[in-house]
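The next block holds one structure in the form of structure tokens; read it before the comments.
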Amino acid sequence: MLPAPPLTNTESIFLARQPIFDRALNVFAYELLFRSGLSNVAGVTDGNSASSQVMINAFLEIGIDAISGGRTCFVNLTRDFIVGQLPLPFPPSFFVIEILEDIEVDDELLTAIKSFSAKGFTVALDDYVFEEGKAPLFDLIDIVKIDIMECDRSLLAENVKQLKSHKLRLLAEKVATQEEFELCKSLGFDYFQGYFTSEPIVIEGVDFKPSRVALLEVLTMLEDPNCNIDILEKLISRDVSLSYKILRIINSPYFGFRREITSIKQAVVALGLKPIRDWFVIIALTKIDDKPNELILMTIQRAAMMKSLSKDFQVEADVAFTTGLFSLIDAIMGQSMSTILQSLPLSNDITSALLTGEGNLGKLLNAVILYERGQWEELENSLGRPIQFSAHYLEAMNWANGLVETL
């Protein structure tokens, strides 16, 4: 489904993106994360080099459209860039300038911010935790990113109120759970960043919604090696839209069939159950319309990246892809992973990888998650050997973006 990109002797690009959501959980922007390598040791990466490399990677090596999908990108800039000692060649419409939390606030900095604002740039303060000395910025900048893991929670409501008096937009970063998202939303935050979209809300005593029961029934049947094609066809055909999408994909130039496939049964016979299962899972995920689209995109991208990296971890490509597809099913379905896996007859290897991170499959899943989050040093420590992740990540990102647009 996703051919592994060729591994060359070219230098790896360590770039990842983290979505920033609005109050409706639509993606507002992406923050671009950069390191010079998996190890971020002293002397390898200084701030100016990192900021420069983000711009080069975004515009030249990868392409800003491929990274952002037309959305704004947040980029950390050093003092040298902000006060004009280094050039800033991109236009205001593409990026939000992030001022690092440890920057010295003085007249030179304030003058530079006024100049950026006059040119149309949006300026944000990164990792604010209510420390003193930043007040002069609040009437000049546009967004304050508050690190809710590090700030004093007892002061959160009062500080939010004070910041709002400056007509600032507030971004809660490092939001880890749905409960933290709801708290910050109730306090008036405008944007949210963190891993809370992959955290399920576990509600005891509440059954799956009927539409999700149907999805699980089909997924369960597709995992059964003795799957009855006639029954499968009836289950899928209950949803006209779903049947249409499957047939549309099967008849696309991607597969190159000389004759048109006109029924679900023909599609199964032509491709086999396993490819049908993979496509069905993807289409089924896109039908979960009460979850942020970015969560679905992340799921598909993760599955593709795991398949692309499967040889490096000595696991089967199809198994890696399936594990990636189900790795966020708890967040998508709104139930615990253990509850969902009881309803799906997945292999022991997949189940162990999803629940406990065991085996080579679990190591692969963990490595991909660490790369997605930009936790490069932890990734290197977990591997113990060099693996070129960047090409796989970019290939998976482009493939997933294209697939979601098609669906």
With a cut-off of at least 3 residues that are touching a Pro at 6+ places or on another chain (Cβ under 9 Å) and aliphatic (A, V, I, L, M), name the helices (runs of 4 or more DSSP H) lying wholly within the range 313-381. 329-333
Right, Thr177: within 30 Å of Asn401 (Cα to Cα), surrounded by fewer than 18 Cβ atoms within 10 Å (Cβ to Cβ) and among the β-branched types (Val, Ile, Thr) or not? yes
Filter result (more than 15 Å from the chain's Cα centre (by Cα), charged (D, E, K, R) and either at pLDDT 85 or above or surrounded by 21 or more Cβ atoms within 10 Å (Cβ to Cβ) (or both)) within the range 352-407: Glu358, Lys363, Glu378
Within the range 263-284, is there a residue that is modelled with pLDDT under 80, among the acidic types (Asp, Glu), surrounded by fewer than 22 Cβ atoms within 10 Å (Cβ to Cβ) and in a helix (DSSP H, G or I)? yes
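The values are calculated or read from the model by the stated rules, or taken from the named source; none is laboratory data. Bear in mind the structure is a predicted one, so any value in this text is a computation, not a measurement. Cβ atoms come from the backbone with ideal geometry, glycine included; neighbour counts cover every protein chain shown.
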